[in-house]
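Asker: Below is the structure I would like to discuss, written out as structure tokens.
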Amino acid sequence: QVQLVESGGGLVQPGGSLRLSCVASGIIFGRYNMAWYRQAPGKQREWVATITTGNSAMYTDSVKGRFIISRVNANNTVYLQMNSLKPEDTALYYCNHPSSIFRWGQGTQVTVSS
């Protein structure tokens, strides 16, 4: 019954910005910590960022200072603002609980290229 729908991905040039959105349904959204993950072709899925129910944020080292995770509980939405994008950020981006307890959505593709 839990559904996660990611959106906002696309093709962007290095140094550009993109904002991803994840809308959750089937849960009392405000009761859960939420996270973003990404997976590049041929690589395992990696954790990117987490935001707690109290709006505390944590990031993987490679995106610190460039990405900002936020949430709007009234909209059941978690966001990932991505700035100063690099080619190595290219991946399929997913949202989930930090412990990956929900069913994975389809993800949204981010491609950083000239």
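The values are calculated or read from the model by the stated rules, or taken from the named source; none is laboratory data. Computed from a predicted structure; not experimentally measured. For neighbour counting, all protein chains shown are included, and Cβ atoms are generated from backbone atoms with ideal geometry for every residue, glycine included. The accessibility values were calculated without ligands, DNA or RNA, using every heavy atom of the protein model including side chains. Shrake-Rupley method; radii C 1.70, N 1.55, O 1.52, S 1.80 Å.
Asker: From the list S84, S7, S17, which one is out of contact with any Leu (no Cβ under 8 Å at 6 or more places or on another chain), among the small types (G, A, S) and modelled with pLDDT of 95 or more? Explain how you work it out, then say what you get.
Answerer: Values: S7 fails: out of contact with any Leu (no Cβ under 8 Å at 6 or more places or on another chain); S17 fails: out of contact with any Leu (no Cβ under 8 Å at 6 or more places or on another chain).
After applying the criteria, what remains is S84.
Asker: Anything in the stretch 37-75 that is more than 14 Å from the chain's Cα centre (by Cα), among the polar types (S, T, N, Q) and over 27 Å from S114 (Cβ atoms)? List them, or say none.
Answerer: Once the filter is applied, which keeps residues that are more than 14 Å from the chain's Cα centre (by Cα), among the polar types (S, T, N, Q) and over 27 Å from S114 (Cβ atoms), the stretch 37-75 yields T53, N55, S56, N73, N75.
Asker: Touching a Phe, Trp or Tyr at 6+ places or on another chain (Cβ under 8 Å) and of a type in the set (S, T, Y): does that describe S56?
Answerer: No; evaluated as a whole, the condition is false for this residue.
Asker: Identify all residues within the stretch 40-53 that are touching a helix residue (DSSP H, G or I) at 6+ places or on another chain (Cβ under 9 Å), among the aliphatic types (A, V, I, L, M) and either closer than 21 Å to I101 by Cβ or in a strand (DSSP E or B) (or both); write none if there are none.
Answerer: Answer for the stretch 40-53, where residues must be touching a helix residue (DSSP H, G or I) at 6+ places or on another chain (Cβ under 9 Å), among the aliphatic types (A, V, I, L, M) and either closer than 21 Å to I101 by Cβ or in a strand (DSSP E or B) (or both): V48, A49.
Asker: Would you pick out the residues in the stretch 36-49 that are over 19 Å from L85 (Cα atoms) and open to solvent by less than 30 Å² (accessible area, probe 1.4 Å)?
Answerer: Correct list: empty.
Asker: Right, here's the next one. Exactly one of these conditions fails for Y37: (1) more than 14 Å from Q106 (Cα to Cα); (2) in a strand (DSSP E or B); (3) not acidic (D, E). Give me its number.
Answerer: For Y37, the failing item is (1).
Asker: Then there is this: Restricting the search to the stretch 13-34, which residues are of a type in the set (A, V, I, L, M) and not in a strand (DSSP E or B)? Spell out how you get there, then give the answer.
Answerer: First, pick out the residues of the stretch 13-34 that are of a type in the set (A, V, I, L, M): 18, 20, 23-24, 27-28, 34.
I27, I28, listed by residue number.
Asker: If you take the residues of the stretch 9-23 that are farther than 21 Å from N73 by Cα and not aliphatic (A, V, I, L, M), which of them is most open to solvent (accessible area, probe 1.4 Å)?
Answerer: Q13
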